[in-house]
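Below you'll find the structure, written out as structure tokens, and then a few comments.
The values are calculated or read from the model by the stated rules, or taken from the named source; none is laboratory data. The shown structure was predicted, so the numbers you read here are calculated from the model rather than taken from an experiment. Because the Cβ atoms are built from the backbone with ideal geometry, glycine has one as well, and the counts that use them run over all protein chains shown.
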Amino acid sequence: MDKYELVLRDLEDILLTIDEVHNVSHGKPVPLTAEDTFTSVYIMPTAEAFKQDIVGLSAASYDNLLYIRLIININCVDNPLAWLHTRRKVIDAVLEDTPIWGNIVDRDLVSVAHDEYGDFPKKAMEILFEFRIRESCII
């Protein structure tokens with residue numbers, strides 16, 4: 001299993017530890033209007049960038065920056081601000097020291113984006129993280 005797969009599997013496991021989260025899946029999110037399981041989180045790798053770490057001629061010379069979007073569908077029918085609690089729980093779970101750090105060099109929170117409340121009290125938001133992966137360590 002390569003490091004990308006390990007990161008995606010570890011991220012799924014981490015998100016499933018959050019009490020509010022009842023569904024985690026990879027790929028295209030269910031539209032908010034069709035969602036039937038709340039709270040749902042969809043893991044979507046969106047882009048990769050490369051930063052040279054050491055001088056060399058192979059991929060092992062680079063750190064891979066993997067950008068992963070988490071699309072979160074929440075039902076705020078009982079509390080219009082419930083999304084704030086879920087937002088904090090997801091961010092904290094990903095940024096805390098967990099087993100995923102055996103597969104990555106670093107992680108960062110990049111941004112949080114929100115829907116326009118068109119289907120409120122159902123709400124969607126997106127949290128973007130950057131994971132730095134090193135294919136191999138050369139000492």
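Some notes on this structure:
- Residues of the stretch 73-98 classified as of a type outside the set (Gly, Ala, Ser), touching a helix residue (DSSP H, G or I) at 6+ places or on another chain (Cβ under 9 Å) and touching a residue at least 12 places away in the same chain (Cβ under 8 Å), total: 7
- Figure legend. Inter-residue proximity from the stretch 50-72: first residues closer than 11 Å to Phe129 by Cα, second residues of a type in the set (Ser, Thr, Tyr) and at pLDDT 80 or above, beta-carbon distance below 6 Å, spacing 6+ or different chains. Indicated pairs: Tyr67/Thr46; Arg69/Thr46.
- Candidates are the residues of the stretch 1-32 that are touching a Gly at 6+ places or on another chain (Cβ under 9 Å) and not charged (D, E, K, R); the one that is nearest to Thr86 (Cα to Cα) is Leu32.
- Of all residues in the stretch 1-16, those that are closer than 15 Å to Val41 by Cβ have Cβ atoms under 7 Å from Cβ atoms of residues that are in a loop (DSSP other than H, G, I, E, B), 6 or more apart or on another chain, in Asp10/Asn103; Ile14/Thr98; Leu15/Val21.
- Among residues of the stretch 99-125, those that are surrounded by 13 or more Cβ atoms within 10 Å (Cβ to Cβ), of a type outside the set (Lys, Arg) and touching a residue at least 40 places away in the same chain (Cβ under 8 Å), counted: 10
- Flag if Pro45 is at pLDDT below 95, of a type outside the set (Phe, Trp, Tyr), under 15 Å from Ile127 (Cβ atoms) and surrounded by 11 or more Cβ atoms within 10 Å (Cβ to Cβ): yes
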